[in-house]
Amino acid sequence: AVVSTQSTGGCSGDHRTADKVVSGCNRTMEDSHMWLAPYSYGEDHTVTLLLERVTSIATIKVYNYNKSPEDSHRGARRLLLSFDGVPLCQGHSIQLRRAPGSTLYDFGQLIDLSEIWLEAISSPLEKTPLPTGFVLQLRIYCSWGDPFYVGLNEIALFDESGQEILLEPNQVTAEPESVNVLLLPEEGGGGDVRTPDKLVNHVTDDVTAHNSWLTPFFPPSIKVFIVFDVPVMVSGIRLHNYSKTPERGVRHFGVLMDDLVVYHGSLPAWSPASPGPVDFLFGEPSEPTVIESTKIKHSSNTEFSFDISNRPFTSLVGPK
């Protein structure tokens, strides 16, 4: 494709030119692979792609400006699409997701041009009593006693009607991703099955942990991201704590929507007497929680700091 731009002004010699939008280097923080132009309110800022042949297009994937968390606010917020001069999506503007300012996950946003998605992609975000946005983040501050690892069996989200939101494995990622980050494949790592996709596979009663997620704990917190291509309203979250080793289960956590805190709370440890998940509703105020994320608090109310160099090795490999 040949790319041209129409915008106001410009900076001579800047490498952030329009051809970078089709360079193929998308999941990056290097601005040498990005396009940036001066913004003038009320003026047109247009990117035109000239295709070499007649082409059918069903989906467009957009990577917003991602130089840093601060510079991600320079990203495009809404856009209009047209094809051979004919407006797409009935002329409605489409809301774009702000880039994370990191490369923790694939932040490319899929825009499905079919009519079924029209309302979702074109409707502006309205103020509601429920959190609404593109990226829900579960931030884990400490476990129930293990200073080195923390995990979960399941995460489920619910919409404004109380119905479970369908989540695909590729929508879920974590930082750190899993225990596989501790060792390179040549060092015997990389084969542990306790990866983030297990959080949404709906298998929660497996005490062997083959259907659970486990990651090393690094202060001050662990982050799980659930990413949507359209704004989603969430009324609650269901958490099923780690059952294989209850001490490695989540204790204190927070929930953020598009980087804004919407909930702080505590999750009970898994036990045979109470093995089920716990639901947390966002329409109700949560109890404030004061968290010291560099220490682990035990049931005896004693605290201790820990040395990460003493982390024990753990591995759970699936069937051959």
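The values are calculated or read from the model by the stated rules, or taken from the named source; none is laboratory data. Nothing here was measured: the structure is a model prediction, and the numbers come from that model. So basically every Cβ, Gly included, is an ideal-geometry build from the backbone, and we count neighbours across all protein chains shown. Please note that ligands, DNA and RNA were not included when accessible areas were found on the heavy atoms of the full protein model with its side chains. Shrake-Rupley method; radii C 1.70, N 1.55, O 1.52, S 1.80 Å.
So here's what we get for this one:
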| quantity | calculated |
| --- | --- |
| For region 176-182, 3J(HN,Hα) per residue [Karplus equation, 6.51 cos²θ - 1.76 cosθ + 1.60, θ = phi - 60°, Hz, x = Gly/Pro] | x, 5, 5, 5, 5, 6, 6 |
| Rounded to the nearest 10 Å², the accessible area of R238 at probe 1.4 Å | 70 |
| Relative contact order (%) - criterion: Cα under 8 Å, at least six apart; region: region 50-117 | 41 |
| Contact order normalised by residue count of region 197-292, Cα under 8 Å, 6+ apart, percent | 25 |
| Packing rank of 49-59, 21-31, 103-113, where each peptide gets the mean count of other beta carbons within 10 Å, highest leading | 103-113, 21-31, 49-59 |
| By average C-beta atoms within 10 angstrom, highest first, the peptides 171-183, 80-92, 155-167 | 171-183, 155-167, 80-92 |
| Contour excess over end-to-end distance, with Cα ends at I60 and E164 and 0.36 nm allotted per residue | 34.8 nm |
| For A37, residues with placed amide H under 5 Å, excluding near neighbours | none |
| Added length on full extension, which subtracts the Cα-Cα distance from 0.36 nm per residue, S82 to R238 | 52.1 nm |
| Summed residue charge, Cβ within 13 Å of P277's Cβ, Lys/Arg positive, Asp/Glu negative | -3 |
| Sequence-separation-based contact order of region 186-239, relative, with Cα cut under 8 Å and 6+ spacing, percent | 28 |
